[in-house]
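Read the structure below first, then the notes.
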Amino acid sequence: MAKRKLQAKDIFSIQLVGDVARHPSEPKTAVVVQRLIETENTYQSHIWLVSTEDGKKTLFTNSEKSETAPAWSPDGQWLAFLSNRGSDTMQLYVMPEAGGEAIRVTDVKEGVQSFQWSPDGMRIGFLSKDSNARDTVSTVIADTTPSDGRDSGPVQSEKVVASKNDEHESPREKFTKDVRHIRRRFYRLDGVGFFGSKRSHLFVVELANLVSGNDPLPSADKSLAKTFVCTQITNGEFDIDSFDFSPDGTRVVVSTNVDEDAETTFKQFLYLIELPKNEGVLPVITTNDSSRGAQAGDLAKKPGPVPVSDMQCLTPFFHTAAKPRFSSDGRFIAFKGEDHQHGATTLTGLYLYDIQSRQITWLTKDSDELFENRSIADTRTATQDALEWSVDGKALCTLLTRRGTTQLVKVAIDSGQVEYVTEGHHCVLSYSFSRDGKELVYTAGTSTDPANVYRGVAEEKRKLTHWNEQFLTEIDISVPERFEFDSDGLTLDGWIMLPSSAAPAGGYPAVLQVHGGPAMMYADAFFFEFQLLAASGLAVVYTNPRGSVGYGQEFCSCIEMDWGNLDFRDVEKLMDTALERFPLNSERLGIAGGSYGGFMSAWAIGHTKRYKAAVVMRAVINWYSMMASDIGYATPAEEFGGMAPWDDPERYMRISPITYVGNVETSTLIVHSENDYRCPIDQGEQFYIALKLRGVPVEFLRFPEESHGLSRSGQPWHRVVRLEEISRFLSRELNQ
């Protein structure tokens, strides 16, 4: 049967395989599978159980909403997960191993961000933003913040406190709820929105009565008829990034920064916290307030929160410490971190904190590698970048980004030696071991397969699932060809995807794609956008220029404060090489990219005339006005050596594409999201108006209510239109 060409709306046919959670002892794993729902214009994730013996799949959750982040209790009797069923936010649920009704155990207003079982399985710790922040003017009469910028504390005024009953609201209360009163530097985040003064804190919910069997399981219609005791552990003007329980469950280690200058130093420290003690199995608390009804996970704030003065800082002289993990004997805390010697481009390494000696060992000091996954693709669902101890306590397991692949590795704690657990041209996305460490389950994707579940290691690996197999057999897929090329004496990786049709006279029209970051990496991963362009008759070429990760520290940091120089030379050398080796038409070339890649696309057409068409997406156009980014307050320190735009305007404008707009003659499509807080839409607006004023052919594609991550996580139909318009524009311009 003849295969058909890929279409933009085929994105609805792809199933995205995400996190795995291998059962502690039984031969099965939980796995998250996400789909884009065409009729609802939304995403839906469910949890499946997959046999690690024969790959048999069983749907474990099947609500009308989504379930993600599965995690087995230590004894394997319960599966915890996050779901937005019955709520606008993600809440924590637990379900018996054998299946049945999911039991909701939290009802926190801002939702649950992440969670973890305690070692004894009697409680679950989770992170959530507090809901008591003062962000609207409806709770204050006037701004009374002192002139020095210090927070003056809450202003009490019964006259303006909003009533829960709209009938009793004054006009002022009713019509000013949407006014935001901002006090922080960091008050919004791309993809999340405005969070104002809300802070992420640690909570613990007690499940002893449930998991010990002291109470019968609630029936389906009474699943919220009990309240689980929930204690807030931390509170204050700081955010908890990650945490871990000690082996005996009496303490937690958290990653945060309680200092007043946290938003200017960008540091993260580890703190040790003694958990409030609860004697025996906690009683079940219920409510007799029939007007309100029992609410799962209502906060019982006794005991707790722990005062900041009782939080012991373990790494006061370290720059960034995150993802802490206790060793099984409680002596060590492993963590991911960096010393910031190379600023924002410093590669993440692995470290070990000795609780007895209070010494920190840099385990990966001699490894010029990045110990996390920073590969890029547009057909993935969210996965957790885990750091885990080996069963024997002699090594740490984590993902590693290297030369266009991501692998699972083990790092010996006595020598720092790196052992590759997986190998090959793929990207490992998540992994999980059995309790005895004898069986590994992981998800991995390739350039022709978005992702599936595998068992085993290296040559013994076995593919357990075949999601998307039928769809992929029906589609004419382009297989990327990897090649190497030289740029300034460096060996770089390149890829090319050729259309399946015969090359036309003069060669294929071609598009050079540039990734974002720049500290990210193209890899052996499935890229729907590239496949669509190849299906339309365009060759696609791409590389990891200097500034990318996966090629060492110097390679990554050498373009800091100098975008558009060495990296641009690499991009141009890629195109030179591709023209020499493959049947491409040098008169029909285009360039495209998003974020940093959008910068490079705009930069290129301001410095060369070789490209007939350019797609500039969510780009950095004007560094001076990038102060408006959600993380723009960090720009001077992280990108410009501590110099603000008003201190050194020439430096900012020298590497801004807007400066060279007078040189542009290339037909351009600008794509930008209106709720992009990383590269605000004024960046695209400036470039559009500048090109219009100069009479350069330009189109502007704007997406309302979308963020910087439109191409990966935007509304499904917006993603379809984006893909169609990019393909239409490039096909038209490069085939004229």
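The values are calculated or read from the model by the stated rules, or taken from the named source; none is laboratory data. Owing to the predicted nature of the structure, the values given are computational and were not obtained by experimental measurement. Note that we place each Cβ from the backbone using ideal geometry, even for glycine, and neighbour counts take in every protein chain shown.
Numbers for the structure displayed
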| item | result |
| --- | --- |
| Among residues of the range 16-52, those that are touching a Leu at 6+ places or on another chain (Cβ under 9 Å) and of a type outside the set (A, V, I, L, M, F, W, C), counted | 15 |
| From E580, E587, residue being assigned to a strand (DSSP E or B), of a type outside the set (S, T, Y) and out of contact with any strand residue (DSSP E or B) (no Cβ under 6 Å at 6 or more places or on another chain) | E587 |
| Any hit, the range 18-41, residues being surrounded by fewer than 21 Cβ atoms within 10 Å (Cβ to Cβ), in contact (Cβ under 8 Å) with a residue 40 or more places away in the chain and of a type in the set (V, I, T) | yes |
| Options A619, A592, A602; residue that is over 23 Å from the mean Cα position of the chain (by Cα) and either closer than 22 Å to L691 by Cα or in contact (Cβ under 8 Å) with a residue 12 or more places away in the chain (or both) | A602 |
| Selection within the range 702-736 - buried (at least 16 other Cβ atoms within 10 Å of the Cβ) and within 16 Å of P680 (Cβ to Cβ) | F703, E706, S707, H708, G709, L710 |
| Residues of the range 210-263 satisfying the condition of being acidic (D, E) and modelled with pLDDT under 75 | D215, D221 |
| Enumeration of residues in the range 371-391 that are among the aliphatic types (A, V, I, L, M), closer than 25 Å to T448 by Cβ and surrounded by 20 or more Cβ atoms within 10 Å (Cβ to Cβ) | I376, A377 |
| Scan of the range 483-516 for residues that are out of contact with any Gly (no Cβ under 7 Å at 6 or more places or on another chain), more than 17 Å from R569 (Cα to Cα) and surrounded by fewer than 22 Cβ atoms within 10 Å (Cβ to Cβ), ordered by number | L498, S500, A502, A503, P504, A505, G506, G507 |
| The range 2-49, residues that are touching a helix residue (DSSP H, G or I) at 6+ places or on another chain (Cβ under 8 Å) and either part of a loop (DSSP other than H, G, I, E, B) or of a type in the set (V, I, T) (or both) | K3, K5, L6, Q7, I11, I14, I37, E38, N41, T42 |
| Residues (part of a strand (DSSP E or B) and either within 26 Å of V252 (Cα to Cα) or under 22 Å from the mean Cα position of the chain (by Cα) (or both)) located in the range 180-209 | R188, L189, G193, F194, S200, H201, L202, F203, V204, V205, E206 |
| Residue match in the range 535-552 (condition: of a type in the set (A, V, I, L, M, F, W, C), over 28 Å from E638 (Cα atoms), part of a helix (DSSP H, G or I) and at pLDDT 95 or above) | yes |
| Check on T473, modelled with pLDDT of 95 or more, of a type in the set (V, I, T) and part of a strand (DSSP E or B) | no |
| Qualifying positions in the range 339-359 - modelled with pLDDT under 95 and not β-branched (V, I, T) | D339, H340, Q341, H342, G343, A344 |
| Some residue of the range 46-63 being without any contact (Cβ under 8 Å) to a residue 24 or more places away in the chain, polar (S, T, N, Q) and under 15 Å from V453 (Cβ atoms) | yes |
| Strands (runs of 3 or more DSSP E) within the range 312-374 that include 3 or more residues out of contact with any Ser or Thr (no Cβ under 8 Å at 6 or more places or on another chain) and not basic (K, R) | 359-362 |
| So G330, is it modelled with pLDDT of 95 or more, of a type in the set (G, A, S) and at positive phi | yes |
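Let's see how each residue does on (1) more than 20 Å from G516 (Cα to Cα); (2) at pLDDT below 95:
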| site | (1), (2) |
| --- | --- |
| I621 | no, no |
| I631 | no, yes |
| E639 | no, yes |
| V661 | yes, no |
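Matching residues to (1) on the phi < 0 side of the Ramachandran plot; (2) buried (at least 16 other Cβ atoms within 10 Å of the Cβ); (3) at pLDDT 95 or above; (4) assigned to a strand (DSSP E or B):
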{"site": "C397", "(1), (2), (3), (4)": "yes, yes, yes, yes"}
{"site": "L408", "(1), (2), (3), (4)": "yes, yes, yes, yes"}
{"site": "V411", "(1), (2), (3), (4)": "yes, yes, yes, yes"}
{"site": "D414", "(1), (2), (3), (4)": "yes, no, yes, no"}
{"site": "V428", "(1), (2), (3), (4)": "yes, yes, yes, yes"}
{"site": "Y431", "(1), (2), (3), (4)": "yes, yes, yes, yes"}
{"site": "K438", "(1), (2), (3), (4)": "yes, no, no, no"}
{"site": "T443", "(1), (2), (3), (4)": "yes, yes, yes, yes"}
{"site": "N452", "(1), (2), (3), (4)": "yes, yes, yes, yes"}
